[in-house]
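Everything below concerns the one structure shown next.
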Amino acid sequence: QFGAEFRRFSLDRYKPGKFEDFYKLILHIHHIANLEVMIGYADVHGDLLPINNDDNFFKAVSSAHPLLRVFIQRQDEVDYSNFGTNTLSRKKKALVTLRNDNIRRRPHINISMPHDFRPVSSIIDVDILPETHRRVRLYRHGCEKPLGFYIRDGTSVRVTPHGLEKVPGIFISRMVPGGLAESTGLLAVNDEVLEVNGIEVAGKTLDQVTDMMIANSHNLIITVKPANQRNNIIRSSRMSGSSGQSTDSTASHHSLPTSHVLQNFHPDEMESDEEADIVIEGGLEPQHIPKLHSLTSSSLSRINGSSLSHRLQRDLVLNNNSGRESNGNIHKLLSSLKTDPRHSLVIPRGGIEEDGTVITL
Amino acid sequence: MRRFLRPGHDPVRERLKRDLFQFNKTVEHGFPHQPSALGYSPFLRLMAIGTRSGAIKLYGAPGVEFMGLHEENNTVMQIHFIPDQCQLVTLLDDNSLHLWSLKQHSGASELREENRFTLKGPPGSPPSATQITAVLPHSSREVLYLGTESGNIFVVELPSFRVLEDRSITSEAVLQRVPEDCCNRRSCELVEALQEHPKNPDQILIGYSRGLIVLWDLQNNKATHHFLGNQQLENLYWQRDGSKFISCHYDGSYTQWPVSSDNRQPEPLENLVPYGPFPCKAISKIYWQTTKNGLPYIIFQGGMPRASYGDRHSISVVHGSQQTAFDFTSRVIDFFIIFSSEPTAEFDDPSAMVVLAEEELVVIDLKTVGWPAVHPPYLASLHCSAITCSHHVSNIPLKLWERIISAGSKQNIHYSNMPWPIDGGTNIAPDPPQRDLLLTGHEDGTVRFWDASGVCLHLLYKLSTVRVFLTDADPNDNMNTLGEDEWPPLRKVGTFDPYSDDPRLGIQKIYLCKYSGYLTVAGTAGQVLVMELNDEDAEHIVDHAEADLLQDQEGYRWKGHEKLKTRDGPVRFEAGFQPFVLVQCQPPAVVTSLALHSEWKLVAFGTSHGFGLFDHQQKRLVFVKCTLHPSDQLALEGPLSRVKSLKKSLRQSFRRIRRSRVSSRKRRGGSGNASEVQEANAKFDQEALQEMELAPVQRKIEARSAEDSFTGFVRTLYFADTFLRDSSRHCPSLWAGTNGGTVYAFCLRVPPAERRMDERVRAEQAKEIQLMHRAPVVGILVLDGRGTPLPEPLEVAHDLSKSPDMQGSHQLLVVSEEQFKVFTLPKVSSKLKLKLTALEGCRVRKVTVANFGSCKTDDYSENDLAVLTNLGDVQIISLPFLKLQIRYPCIRKEDVSGIASCVFTKYGQGFYLISPSEFERFSLSTKWLVEPRCVVDLPEVTSNNHVHNKSGVENAARKSRNLGDYGEDERKSGRLMEHALLNDEKVLKEIQSTLEGGR
């Protein structure tokens, strides 16, 4: 049984060595050499990420500032959903590319489970939507990329009891190259937008829909009728009569599920994602506010609060920064950042500001 | 948990909602936009104004107002009251005639359209044959004489509008009865004027455009006299006894003609060009008024020397040796003279002249020496300088009210003491429940205080902040310093003056504390003035401080306007609000938020760069806080202010004026081509639509980031005495919300009263909240332990509010453009929220706490949030549970300036600008409703059709109310509102098409 146990030890920041060695070291320190364990760490944003190969171990060590917090779980108890999505998923582009690199260059090494990837987008509710529609979820906060698309007014043809009818609709008009929307491959120019986070857009103006999308931008779910209907999943249970081209009948408004419930989307998930307003307590003299990026403690404390009982928490303290309280308040962290000449090394500048847990003063 | 707080419909609550909330647009305040016609009934003592959008408004005694709207939405060209009736006829520019009447319905009079009519000529005749140019309602009240462009005069019966063809006076018939030597075929083209003989209803005077004037006998169908003018005729006016009449002409002359039985073709008695000898502009209307002392009043419009004064809008009054040319700042639409209407009176004895100019109503007292202006109780020109902001204060204490009125009366000494001469009808509305002030800030640096308690929005006092600053234009150099021998004897009248000396003087934010009389105003160039009410004139130095909001931020350079220069040394201020502190923000950007705490004697102000707190007791800056994001360069260029450079604003003013001139001259050719026009419009619309398809409007979907522009823009400031640090001690605090979704909270230490001057006020930042969705914060509010908003400063001290619950836990409500969110205090954690934008796609534009009382019981009232969205909807959201109660469409979403101008009152009413010069008043409450309710009674009418009654008011007061059959009326009133909406839409399209055409 793993209880909550805490160990603190130091490691050479610049020569972290191999993952294998580190793994052994961990097992040795904790006297659990006979167990299969999963090692994870809290990255700069407070997300729980796995350590299971040389690359992400190196990444973990190099981005630790000043201390690397390592979580050890028994392999068979690992709740993969804790990685990525449910850990206040905040994703950085750097990590995405890192992962991709892993896959390409060293396909032989131990690649973590799909859950370890922070999701960027997904198709949801396939089972309840008509096959001509697609519900896409974009995880804005899982990615540093801009959402990157434009919408426009247009007309769409619908089948109604009175025959074909032209009705105004909202369409995707442009994708920004390199943006999140484009990189998912799930949205395309001229796709008609039918719903935004479960709210139908019919009868709403372009500006209203724009505002709705921006208001939901941290976790945007849009239901579209793709302009290209050839990639749709054809379900056998359906009548085969509706081929990709004669989609008008299924595209009629009545075929949309009437309830606005998004099945695979737990409301609390959205709530928690969003409530992460950042609160800085305590007195700050105005003139002392640095013109720098600072890190709040809220996200870290959140992790602590949610730590499971059978999870080992280890603090890995790097070099001279021992004794610093991991849960210390923002101002201590701030001053440590200021005094530590290496802070520029550990915080990639561009990446920080986009992140939800960091505020800009 | 939250899911369980959203139950379905609770029938009890639904019933209560019906008792609390109700939406009504109640009355329009101010001056009608683009007036086009004026009418007056000496019998009812009511005035009617028609507008270019087809509205017709009737005004009598203060509080007596009616409004109607023509379905066609066409310009009202002429308005004529039917003699001795509660009826009037309007002529629109589509050549249609409309009969309106005032009828009583459940105790109050209402204006309804009764009938409409378009004159049709014989098939094949040109449209000009029936184009109406002159309308004469005959004193018999049975017929209308309609003069046309063809020279024919048609007669229609009232109220049926049936054409009486046998009674038409054709131009051929007139020509036959006039000697051939004095006229030809063209003499009878276009009837310019029709006037009934004042004593003999069987005779009418017909004036043709080319100068021929004929006195026509209706009984015998013949011309009794004809008068041959050699100038193009503009108008005619009978002398009271019918022995003479006067004609005015295109060349700026007027001519007197005798009417006697012995001479059938008299020569003119007098022919005069009053502003000759050089060529003059036309005299378009003239009055000849007799008096007891023998000297007549000759009052005429226009006639100025063409070369040097041709651009003036003037009306001249000549009485013996006295002569004044009243000079108006905008085009004169029409005017009338109020004189003795008693038929037995021997003389006219004019008492007042009422002039409708394009931008204001001016009334001149003709009985008092010097002919002073009369202060109008309504129809105020709200836009005499463009309105830049407004602020409403409910329930003003009597003491402050009286002091403001007394300060205002000292400013109004140049006005006449004459009681308001247009006094028809009786106001039967209950007295306003409380004294309300509406303060409007203007582009020229003035603040106007309006009595907004009742139906008549009435100017109480005008405050100017200009004296504090050194401006280019010296206030002493006014335009009235004309020498005695100046000719023409011009005298500028009216208050409409759209020219701003310096746009930096513009007022942006106002806050008045009704208990202490402290007022703070802030303007375009970062100036913040704190003022105190003083009943006497005083000369003193204004303390001056500067607040550097950038502090030591480096690398910034302000590219906007300079700050205002201040006047050194003491400045003389007139009685009223006198400034004693001036804070100037650096950089001098527009002040975007302002808060005053009169008990703590603190004023907070914010711009796009940061905010500051000033102690106006010790006259010391407490702190400043820069909110600027390092990457936000745009905020420094001052684009908000750059839009209004001096040059540009002048240019725009000129353009505005020019445009209104051009459009007002627009006259439609004929009525026959209405369908063609429609077709053309439809085609145009289609083309426009196609064009839109080609180049679609795109909207970028992107999350807000910290680096967006103007994230540091301070949107709201709020003082609260609450639990900021711990739950055991409360302390004064200042809250600020920015455009980037950040809320700052500062803990304040205000020394106790006895050491207030000795110890400094201290401030310390206690909290900073970054809303995840980063939407602009538009409102911050603290709710006490009972969920009630904290009272205003000094409200408890004046026993006007229960003291807040300082035991229970306070809550913080942050309203962003997208969400309403309640947090706990002192530890800030989210408790409750309403996501408006995510659900409805609309954003919050205005939000206020309003108190709603039940119309059923006196003892129930509750506080809710009144919200206006960017779609123009008004919503009520409950406190503290943030549940949407009710939603009404209020303003069209395209009407951006209307939405931006909206202010809510503390009791669920609101105002917004429907034009630059008019406020629409609306009410969300069932209890507080200010709307006109008045009665106009028809004085007794005897069988004799030519009896004039003494005065409408006297009769109105004593006559019993006459209730008739109203079935039809109700149907019509139902449609009226639809028309209003329809018309709005049309106006909008018109505006849009003009804009597109202009590009």
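The values are calculated or read from the model by the stated rules, or taken from the named source; none is laboratory data. Note that this is a predicted model, so its numbers are computed, not measured. Cβ sites come from the backbone with ideal geometry, for glycine too, and all protein chains shown count toward neighbours. Surface areas here come from the heavy atoms of the whole protein model, side chains and all, with no ligands, DNA or RNA. Shrake-Rupley method; radii C 1.70, N 1.55, O 1.52, S 1.80 Å.
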Residues to consider are B:K285, B:K281; find the one that is of a type in the set (D, E, K, R) and open to solvent by less than 60 Å² (accessible area, probe 1.4 Å).
B:K285
Selection count where residues are closer than 26 Å to B:G303 by Cβ and open to solvent by 10 Å² or more (accessible area, probe 1.4 Å), scope segment B:198-224:
3
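Could you list all residues from segment B:759-769 that are more than 7 Å from every other protein chain (Cβ to nearest Cβ) and assigned to a strand (DSSP E or B)? First the steps, then the outcome.
Quick first cut of segment B:759-769, residues more than 7 Å from every other protein chain (Cβ to nearest Cβ) only: B:759-763.
Selection gives B:R762, B:A763.
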Can you name the residue in segment B:807-824 that is under 24 Å from B:V603 (Cα atoms) and hydrophobic (A, V, I, L, M, F, W, C) and is also nearest to the other protein chains (Cβ to nearest Cβ) among such residues?
B:V814
Taking first residues from segment B:14-35 that are within 15 Å of B:V903 (Cα to Cα) and in the same structural domain as B:T926 (by the TED database) and second residues anywhere that are of a type outside the set (F, W, Y) and part of a loop (DSSP other than H, G, I, E, B), the pairs with Cβ under 8 Å that are 6 or more apart or on different chains are none
Over segment B:591-621, the set of residues over 27 Å from B:Y556 (Cβ atoms) and open to solvent by 10 Å² or more (accessible area, probe 1.4 Å) is B:H597, B:E599, B:W600, B:K601, B:Q617, B:Q618, B:K619
Could you please find all residues in segment A:146-160 being in contact with a Gly (Cβ under 9 Å, 6 or more places away or on another chain) and facing another protein chain (nearest Cβ under 8 Å)?
A:P146, A:L147, A:G148, A:F149, A:D153, A:G154
Answer yes if at least one residue in segment B:770-789 is open to solvent by less than 10 Å² (accessible area, probe 1.4 Å), closer than 14 Å to B:L825 by Cα, within 14 Å of chain A (Cβ to nearest Cβ) and of a type in the set (G, A, S), and no otherwise.
no
Criterion violated by B:S260 - all others in (1) more than 26 Å from B:M304 (Cβ to Cβ); (2) open to solvent by less than 40 Å² (accessible area, probe 1.4 Å) satisfied:
(2)
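Does at least one position in segment B:552-564 carry a residue that is over 17 Å from B:L621 (Cα atoms) and part of a strand (DSSP E or B)?
The initial filter retains those residues of segment B:552-564 that are over 17 Å from B:L621 (Cα atoms), namely B:553-564.
Within this subset, residues satisfying the condition of being part of a strand (DSSP E or B) are none.
No, segment B:552-564 contains no residue that is over 17 Å from B:L621 (Cα atoms) and part of a strand (DSSP E or B).
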Counted residues, segment B:727-743 - those being open to solvent by less than 20 Å² (accessible area, probe 1.4 Å) and either closer than 18 Å to B:V591 by Cα or within 12 Å of another protein chain (Cβ to nearest Cβ) (or both)
9
I'm checking my understanding of the structure. Among residues of segment B:844-858 that are over 30 Å from A:E200 (Cβ atoms), touching a strand residue (DSSP E or B) at 6+ places or on another chain (Cβ under 9 Å) and open to solvent by 10 Å² or more (accessible area, probe 1.4 Å), which one is farthest from the other protein chains (Cβ to nearest Cβ)?
B:C855
Which residues, counting only those in segment B:249-268, are touching a Leu at 6+ places or on another chain (Cβ under 8 Å) and either in contact (Cβ under 8 Å) with a residue 60 or more places away in the chain or within 14 Å of B:L205 (Cβ to Cβ) (or both)?
B:T255, B:Q256, B:W257, B:P258, B:V259, B:Q265
If I ask for residues that are surrounded by 14 or more Cβ atoms within 10 Å (Cβ to Cβ), over 24 Å from the mean Cα position of the chain (by Cα) and not hydroxyl-bearing (S, T, Y), which ones from segment B:400-417 would you list?
B:L400, B:R403, B:K410
So which residues in segment B:172-198 are at pLDDT below 90 and of a type in the set (D, E, K, R)?
B:E172, B:R177, B:E180, B:D181, B:R185, B:R186, B:E189
Report yes if B:G841 is within 14 Å of another protein chain (Cβ to nearest Cβ), surrounded by fewer than 22 Cβ atoms within 10 Å (Cβ to Cβ) and on the phi > 0 side of the Ramachandran plot, otherwise no.
no
Elements of type strands (runs of 3 or more DSSP E) in segment B:346-444, at least 1 residues being of a type in the set (G, A, S)
B:352-357, B:387-393, B:437-442
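So in segment B:128-154, with the set limited to residues that are open to solvent by 30 Å² or more (accessible area, probe 1.4 Å) and part of a strand (DSSP E or B), which one is nearest to B:K285 (Cα to Cα)? Talk me through it step by step, then tell me what you get.
Kept after step one, since they are open to solvent by 30 Å² or more (accessible area, probe 1.4 Å), are these residues of segment B:128-154: B:128, B:133, B:141-142, B:149-150, B:152, B:154.
Next, only the ones that are part of a strand (DSSP E or B) stay: B:133, B:154.
Values: B:T133: 15, B:F154: 23 Å.
Of everything passing the filter in segment B:128-154, B:T133 is nearest to B:K285 (Cα to Cα).
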Count of residues meeting criterion [in contact with a helix residue (DSSP H, G or I) (Cβ under 6 Å, 6 or more places away or on another chain), part of a strand (DSSP E or B) and under 22 Å from A:H218 (Cα atoms)] in segment A:152-197:
3
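Kindly check whether there is at least one residue in segment B:87-101 that is closer than 30 Å to B:I428 by Cβ and open to solvent by 20 Å² or more (accessible area, probe 1.4 Å).
Narrowing segment B:87-101 to residues closer than 30 Å to B:I428 by Cβ: B:87-90, B:98-101.
From what is left, the residues that are open to solvent by 20 Å² or more (accessible area, probe 1.4 Å) are B:87.
Yes: one or more hits.
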